[in-house]
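Report on one structure; see the data block that follows.
Please treat every number below as a calculation from the coordinates, not as lab data. Computed from a predicted structure; not experimentally measured. Note that we place each Cβ from the backbone using ideal geometry, even for glycine, and neighbour counts take in every protein chain shown.
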Amino acid sequence: MIDMMQYKGYYGSVHYSDEDKCFFGKIEHIRDLVSYEGHDVATLKKAFEDGVTDYLKTCKAKNKAPDKPFKGSFNIRTGPELHRLAYIYAQEKKMNLNQVVISALEDYLPRPHNVG
């Protein structure tokens, strides 16, 4: 199970505060802060979708490109030994480290049925 909602390519977290008796979250994987809350699943989902829509409208009004949650690049920290082994493997296969990581992720991760 994943505690996330998806709308228009954006992902929103889902949390619950027992103290406040409400659900809350924020759009994940962007630099801007867009948060939302609701008292049940339906109102939380609507608040998330409204938040995404408002975020996109605000960016357009300010002539600012909205952040994209997944840009296609990320840094990884492997530790020296795994880095060394990956480098040796890449050299043997006539690949670069980026190709090694992509190949490993493609082999390891399942392909989702519903790609957002």
(Q) If I take every Cα pair under 8 Å that is 6 or more residues apart in the chain, average their sequence separation and divide by the length, what percent do I get for the relative contact order? (A) 17
Q.
If I require 15 Å or longer along the helix axis, counting alpha carbons, and a Kyte-Doolittle average no lower than 0.0, what helices from the chain are left? Use full DSSP H segments.
A. 97-108
Q) Listed highest first by mean packing, meaning other Cβ atoms within 10 Å per residue, what order do 12-19, 102-109, 23-30 come in? A) 23-30, 12-19, 102-109
Q: Order the peptides 44-56, 71-83 from the highest to the lowest mean number of other Cβ atoms within 10 Å of their residues.
A: 44-56, 71-83
Q: Over all alpha-carbon pairs in region 4-61, figure out the percentage whose distance exceeds 17 Å.
A: 31
Q) Across the chain, how large is the tail of the calculated P(r) beyond 21 Å, expressed as a percent of all Cα pairs? A) 55
(Q) If you average the C-alpha positions of region 72-97 and of region 12-52 separately, how far apart do those two centres end up, in angstrom? (A) 38
